[in-house]
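Reviewing the structure listed below.
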Amino acid sequence: MTHLAAPPLIRPRRFPLLRALLRQPTAVVALAFLTLIVLASLFARQLAPYTPDAFDLPARLSGPTARHLLGADELGRDILSRLLYGGTKALLGILEAVLTAVLVAVPVGILAGYLGGALDRAVSFVTDLVLAIPAIILVLVVLTVFPNNLNAAMIALGLLVAPGFARIIRGVTLPLKEADFVAAARIAGVSEGTIMARHILPGVTRTAIVQASFVAANALLFAVALGFLGLTASPGEAEWGQIVAAAAQQISTQPWLLVPSGGLIALMALALMLLGNALRDATADVGSAAEVARPARGTTGSTPNETRARTAASSPARPADPAALLSVRDLSVVFEQRGQETLIVDHVSFDVHPGETVGLVGESGAGKSVTALAVLRLLASGGRIRGGQVWFEGQDITGLDDRAFDRLRGRALGLISQEPLSSLDPAFTVGSQLGELVGLHDRVSGTRNRERCLELLRQVQIRQPERVLSSFPHELSGGMAQRVAMAMALSGRPRLLIADEPTTALDVTVQKEILGLLRQLQEGTGMSVLIVTHNLGVVADLCDRVLVLYAGQVFEDAAVDELFDRPLNPYTLGLLGANPAHAQPGEPLTVIPGRVPPPGSWPTHCRFAARCAFAAPECTAGPVPLLQPVNQHFSRCVRIDEVFPTAAPGRAPHATATTPAAGHQEAS
Ligand SMILES: Nc1ncnc2c1ncn2[C@@H]1O[C@H](COP(=O)(O)OP(=O)(O)OP(=O)(O)O)[C@@H](O)[C@H]1O
């Protein structure tokens, strides 16, 4: 029997972006360098060995010496001191440009993306216009109005880069606007202004930081260029552009002079760019959830609808459950075909606790298998996880490299598929294939290897294990092949077994045996099971919890008894109504009218609305969030109150979402 280690607690991590940034050596070096320059400039008076204009004529045009560490210019002025004193002006200019750009671009980008319409078109027009005119020309115009004024020039620069910056923020706002928690806040009656400030703004912050660092790098080069041309500094002033200009004039007599000033500016620009790149990578590491705003905290005196909507608002961004063996959060999967990506699994979240069996049900094409296979990184070619996290035993395994993940899969994570024969090589005996796995996991050979193989075959209740060991796969019946496949999955002593429709290919009596075996194995080993099935009977028999998927989304997530006693989603009602186990003799079986919309043509509103008997205008008004009307019972339906007055405990649903029809229909 496998003893489960208590999963380590997931400690909430603070400052995830900073942590991700500090894991990158280039970012650490760039940050350290920039901090040094800022501090040195701020404390120039204390640090500089001379005043910026102190002459030392004997030392003129000297290279580095003990008196002048970075050399002296054509008048014998100390280069180090001049660079230190000139830093404040350049850094202030950068700050002005960045602040102007951020203060304009972030609100404008959010407003344009969130409100759309005329404002969006106006921003788009202004952006195109500004991008068509070279920034330097507009800054020169500003400098003719405000001669020699770096502040005016840098504010103008900030205004000029703001439209492009705003366009990026707008792009990040668009998907956030469609997020479930934003829909929930809207349904709860939260004002648009509050939604933008509390839900959208935190979601665009990281993008804004990355962009700001690129603006800073450009602003530095711009400020130096203006100083170099003498447009924002007087000749001989201790200003970085002027220091470079003076050094450039002496290039033939003392080329060294360009090294400190040019080097400093080049290194600073490089550090800012590297920091921007590192921030972008760090943002990607932290995950797409990085762009998901924290939901609003509930307030006292909320109406039930508001409370529900807020509860739901927390669900897409709800943290991984530290008590869960497997915690999937906001998992999205796309398939690419002919260069086009189609969303198949859309922000699916669920937990599997130690020893728990969780069922994934839904009609064909709902995304059940893709969800399960994505957890195991076994997506068919063209499939890709686009977002979300998978936590296993308290560890975020989303970012594990393939080698580390391989060590997990096949050991802690096992799989049995719907086609057992496909997991067996027809060219080798069962003994040879099972023995190979035992050798890999237990590092035993010879008699001990064979003993373990026999033990595994007995564990899956194969009566003549010796004979089966020497059999080839084609000599096995379907049920026998599935038992062998289970023995192979068990050889790594999995803590979680993913069973992808394990009985689909088997006849009814064998199905029962295999399901009974699965239950016994689960109880005997304490492992958890995630089972993909069409069959609600299997769910009722085997599962502790069930997740109803529809068109790539979770429609209902509840404990099994709760789901069967008190379904809170019209789609689940439809599935239950269509279950042949509930058919009355002589009565026609009910079916859900219509078909599941195929991936790529999902509406932005409730995906089930077109087939739902309870559909009302609010169902097609916008995206429908996953609500939590009852503790640990989630449902994606905006009409729970009206359709299921049952949300109050103990009351059964009065209505069915299905229409009568002749014929037979399971969940598929
Ligand atoms: N290899 C693939 N290439 C392209 N699209 C795929 C691929 N595999 C799955 N899909 C898409 O993903 C959708 C969901 O597939 P999935 O196998 O997860 O459905 P399911 O809910 O398990 O249904 P079923 O019970 O019929 O297996 C399919 O309808 C299909 O559009």
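The values are calculated or read from the model by the stated rules, or taken from the named source; none is laboratory data. Just so it is clear, the model here is predicted, and its values are computed rather than measured. A quick note on method: Cβ atoms are made from the backbone with ideal geometry, for glycine too, and the neighbour counts reach across all protein chains shown. Just the protein is used for accessible areas: all its heavy atoms, side chains included, with ligands, DNA and RNA removed. Shrake-Rupley method; radii C 1.70, N 1.55, O 1.52, S 1.80 Å.
If amide hydrogens are placed 1.01 Å from N in the peptide plane, which non-local residues have theirs closer than 5 Å to the one on residue 497?
Here 414, 528, 529, 530 satisfy the definition.
List the residues, sorted by chain then number, that are 5 or more residues from residue 627 or on another chain and whose placed amide H is less than 5 Å from its amide H.
635, 636, 637
Subtracting the Cα-Cα distance from 0.36 nm times the residue separation, let me have the gained length for residue 464 to residue 519 in nm, one decimal.
Fully extending the segment from residue 464 to residue 519 adds 17.6 nm.
Show me, for segment 439-448, the HN-Hα J-couplings you get by feeding each phi into the Karplus relation (A = 6.51, B = -1.76, C = 1.60, θ = phi - 60°), rounded to Hz, glycine and proline as x.
x, 5, 7, 9, 6, 10, 9, x, 4, 5
Taking the Cα centre of each part, how many Å lie between segment 113-171 and segment 40-68?
First find each Cα centre; the distance between them is then 39 Å.
Can you list residues from other chains, or at least 5 along the same chain, whose modelled amide H is less than 5 Å from the amide H of residue 378?
Under 5 Å from the amide H of residue 378: no residue qualifies.
In whole angstrom, note down how far apart the Cα centers of segment 379-394 and segment 542-571 are.
Using only Cα atoms, the two centres lie 22 Å from each other.
Can you tell me which aspartates and glutamates have their Cα less than 12 Å from the Cα of residue 177? Leave out same-chain residues fewer than eight positions away.
Result set, ordered by chain and number: 192, 291.
HN-Hα J couplings of segment 57-69 from phi, Karplus 6.51/-1.76/1.60, θ = phi - 60°, integer Hz, Gly and Pro as x?
So the J values, rounded to whole Hz, are 3, x, 8, 4, 6, 8, x, x, 9, 5, 7, 10, 4.
Put +1 on the Cβ of each Lys and Arg and -1 on the Cβ of each Asp and Glu in segment 353-403; which of 379, 398, 354 then has its Cα farthest toward the positive end of the dipole?
Result: 379, furthest along the dipole toward the positive end.
Quick check: the distance between the Cα centres of segment 408-456 and segment 73-95, to the nearest angstrom?
71 Å
In square angstrom, rounded to the nearest 10, how much accessible surface does residue 201 have for a 1.4 Å probe?
Approximately 70 Å² of residue 201 is accessible to the 1.4 Å probe.
Spelling out what I want: for every residue of segment 542-547, take phi, set θ = phi - 60°, compute 6.51 cos²θ - 1.76 cosθ + 1.60 (Karplus), and round to whole Hz; glycine and proline get x.
Result, ordered by residue: 10, 9, 9, 9, 9, 10 Hz.
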